[in-house]
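Undergrad: So that we are looking at the same thing, I have put the structure below in structure tokens.
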Amino acid sequence: MLKLNGVVIKYKKRTVLSDVSLSVKKGEVIGLLGANGSGKSTLLSVIAGAKKAESGEISINDISISQKVDEYRKHIGYVPQENPLIAELSALDNLRIWSELSKDELMELISSPPLSILGVYEFAEKKVNDLSGGMKKRLSITATLIRKPELLLMDEPFAALDMVAKHDIMEYIRTYKASGGTTIIASHDEMVLDFCDRIYFIDNGKVVEINRASGIRYIDLLRGAENAK
């Protein structure tokens, strides 16, 4: 489904990630683990097509990002760490920005399974200014999912959320996976990482798959990366 081959990512002439090569299958949940500043967010934004790689090739369903970027992006939904919402508008009006559906059609969509799991229909008429952090994250995810992407990219989606919000978002990811959706999540949350089919560790400019059969702990990997700085 998604393939990265020899991808190099730079920021202001500094190489952030080098020779990133990985393949993600349809229906997989992939975790990205790394210390702060390791390049997790940068890698997600490059896969999403929001930033450009210095070199290498990225494709989804054999559609190359370098040759057909607009067609490539149609297959991807990207939920950045910061919620891209307009505070003065209602939750429903924010969704309308991302969709050509009418208000009634959107309400029907978000109040029916599977999107009803995220519960946005319950506060659809509230302004974003009046929403909690958990509500804003649910709304951001819903805004991405109403376009029905095949690949969902999530950057620290559970940061500073309460247990109920975490549970509901995880429940949606399970449903999304069961329907054939593919997810890549950057997270430090052990509950999320344990749910992933595979995990890649980002450290010192490299992206390496973790051998979980070795019994290594996530916290030990992160401590090792911090001590090496």
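Undergrad: Taking the range 27-71 on its own, how many of its residues are of a type in the set (D, E, K, R), crowded, with 22+ Cβ neighbours inside 10 Å and in contact with an Asp or Glu (Cβ under 6 Å, 6 or more places away or on another chain)? Give the derivation first.
TA: Step one: of the range 27-71, the residues of a type in the set (D, E, K, R) are 28, 40, 51-52, 54, 57, 62, 68, 70-71.
Imposing the further condition that a residue be crowded, with 22+ Cβ neighbours inside 10 Å reduces the set to 40.
Cutting the leftovers down to in contact with an Asp or Glu (Cβ under 6 Å, 6 or more places away or on another chain) gives us none.
Number of matching residues: 0.
Undergrad: Within the range 189-216, how many residues turn out to be of a type in the set (Val, Ile, Thr) and surrounded by 18 or more Cβ atoms within 10 Å (Cβ to Cβ)?
TA: So the answer is 4.
Undergrad: Starting from the range 127-156, keep only residues that are in contact (Cβ under 8 Å) with a residue 12 or more places away in the chain and under 10 Å from VAL79 (Cβ atoms), then list their pairs with residues that are in a helix (DSSP H, G or I) and hydroxyl-bearing (Ser, Thr, Tyr) whose Cβ atoms are within a distance under 6 Å, requiring at least 6 positions of separation or different chains.
TA: Close Cβ pairs satisfying both conditions: ASP155/SER41.
Undergrad: Quick test of your reading of the structure: VAL128 fulfils all but one of (1) of a type in the set (A, V, I, L, M); (2) in contact with a Gly (Cβ under 9 Å, 6 or more places away or on another chain); (3) modelled with pLDDT of 95 or more. Name the failing condition by number.
TA: Unmet for VAL128, out of (1) of a type in the set (A, V, I, L, M); (2) in contact with a Gly (Cβ under 9 Å, 6 or more places away or on another chain); (3) modelled with pLDDT of 95 or more: (2).
Undergrad: Right, here's the next one. Can you find a residue in the range 193-212 that is of a type in the set (A, V, I, L, M, F, W, C), farther than 25 Å from ASP19 by Cα and in contact (Cβ under 8 Å) with a residue 24 or more places away in the chain?
TA: Step one: filter the range 193-212 for residues of a type in the set (A, V, I, L, M, F, W, C), giving 193, 195-196, 199, 201-202, 207-208, 210.
Adding the requirement that they be farther than 25 Å from ASP19 by Cα leaves 195.
With in contact (Cβ under 8 Å) with a residue 24 or more places away in the chain added as a condition, the list becomes 195.
Yes: one or more hits.
Undergrad: Would you call GLY134 over 21 Å from ALA35 (Cβ atoms), in contact with a Pro (Cβ under 9 Å, 6 or more places away or on another chain) and not basic (Lys, Arg)? First the steps, then the outcome.
TA: Working: over 21 Å from ALA35 (Cβ atoms): yes; in contact with a Pro (Cβ under 9 Å, 6 or more places away or on another chain): no; not basic (Lys, Arg): yes.
Answer is no for this residue.
Undergrad: What are the residues in the range 169-180 that are surrounded by fewer than 17 Cβ atoms within 10 Å (Cβ to Cβ) and not aliphatic (A, V, I, L, M), if any?
TA: Those that are surrounded by fewer than 17 Cβ atoms within 10 Å (Cβ to Cβ) and not aliphatic (A, V, I, L, M): GLU171, ARG174, THR175, SER179, GLY180.
Undergrad: Here is a further query. For the range 72-97, which residues satisfy the criterion of being crowded, with 16+ Cβ neighbours inside 10 Å and hydrophobic (A, V, I, L, M, F, W, C)?
TA: If the condition is that a residue be crowded, with 16+ Cβ neighbours inside 10 Å and hydrophobic (A, V, I, L, M, F, W, C), then ILE76, VAL79, LEU85, ALA91, LEU92, LEU95 are the ones that fit.
Undergrad: While we're on this one: Considering only the range 12-107, give the helices (runs of 4 or more DSSP H) lying wholly within it that have at least 1 residues that are over 20 Å from TYR172 (Cβ atoms) and touching a strand residue (DSSP E or B) at 6+ places or on another chain (Cβ under 7 Å).
TA: Here the list reads 40-48, 69-73.
Undergrad: Is at least one residue of the range 6-15 in contact (Cβ under 8 Å) with a residue 40 or more places away in the chain and touching a Lys or Arg at 6+ places or on another chain (Cβ under 6 Å)? Give the derivation first.
TA: Kept after step one, since they are in contact (Cβ under 8 Å) with a residue 40 or more places away in the chain, are these residues of the range 6-15: 6-10, 15.
With touching a Lys or Arg at 6+ places or on another chain (Cβ under 6 Å) added as a condition, the list becomes none.
No: zero hits.
Undergrad: Looking at the range 76-85, can you tell me whether even one residue there is among the hydroxyl-bearing types (Ser, Thr, Tyr) and without any contact (Cβ under 8 Å) to a residue 12 or more places away in the chain? Lay out the reasoning, then the answer.
TA: Filtering the range 76-85 for residues among the hydroxyl-bearing types (Ser, Thr, Tyr) gives 78.
From what is left, the residues that are without any contact (Cβ under 8 Å) to a residue 12 or more places away in the chain are none.
Scanning the range 76-85, I find no residue that is among the hydroxyl-bearing types (Ser, Thr, Tyr) and without any contact (Cβ under 8 Å) to a residue 12 or more places away in the chain, so the answer is no.
The values are calculated or read from the model by the stated rules, or taken from the named source; none is laboratory data. Computed from a predicted model, the values in this text were never measured in an experiment. We place every Cβ from the backbone using ideal geometry, glycine too, and count neighbours over all the protein chains shown.
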